[in-house]
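What follows draws every value from the coordinates through simple rules; no lab data is involved. Computed from a predicted model, the values in this text were never measured in an experiment. A quick note on method: Cβ atoms are made from the backbone with ideal geometry, for glycine too, and the neighbour counts reach across all protein chains shown.
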Amino acid sequence: MYAVIKTGGKQYRVASGDKIKVEQIAADVGAEITLGEVLAVGDGASLQVGAPVLTGASVAAKVLAHGRHPKVRIFKMRRRKHYQKHQGHRQPYTELEIGAITAGNA
């Protein structure tokens with residue numbers, strides 16, 4: 001069984017036991033959280049699709065860790081103008097382990 005969930009403005013296809021990195025969620029490490037925005041649930045040949053979300057569907061997940069992605073380097077330059085700007089950014093993330101997937105009704 002798999003589900004398509006939405007969190008942090010992005011969509012993820014997850015199955016039980018998967019480990020995913022999502023946008024940072026305010027939860028403690030080791031905490032159990034419930035992801036309520038389930039867009040679709042599939043099991044073999046059957047597929048339930050919400051409009052836009054499935055009512056009653058949820059995905060349980062456990063917070064494994066918090067961290068930061070590798071640095072993205074930003075370099076801006078205007079030629080012949082003596083202008084150079086260096087910048088960097090590290091996006092924070094939360095690593096989740098997907099547990100039980102509960103199907104709702106469309």
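Details
- Loop-exposed trypsin sites (Lys or Arg not before Pro) per DSSP, neighbour cap 13 Cβ within 10 angstrom, longest uninterrupted part of the chain: 1-70
- The chain: translational diffusion in µm²/s, Stokes-Einstein, Kirkwood Rh over Cα pairs, 20 °C, 1.002 mPa s: 137 µm²/s
- Using alpha carbons only, the radius of gyration of the range 1-47 set against its Kirkwood radius gives Rg/Rh = 0.98.
- Cα-based Lys proximity count in the chain, under 23 Å, for pairs eight or more positions apart or on separate chains: 13
- Residue-by-residue Karplus 3J(HN,Hα) for the range 31-47, coefficients 6.51, -1.76, 1.60, Hz, glycine and proline x: 6, 8, 10, 10, 9, x, 8, 9, 8, 7, 9, x, 8, x, 8, 8, 9
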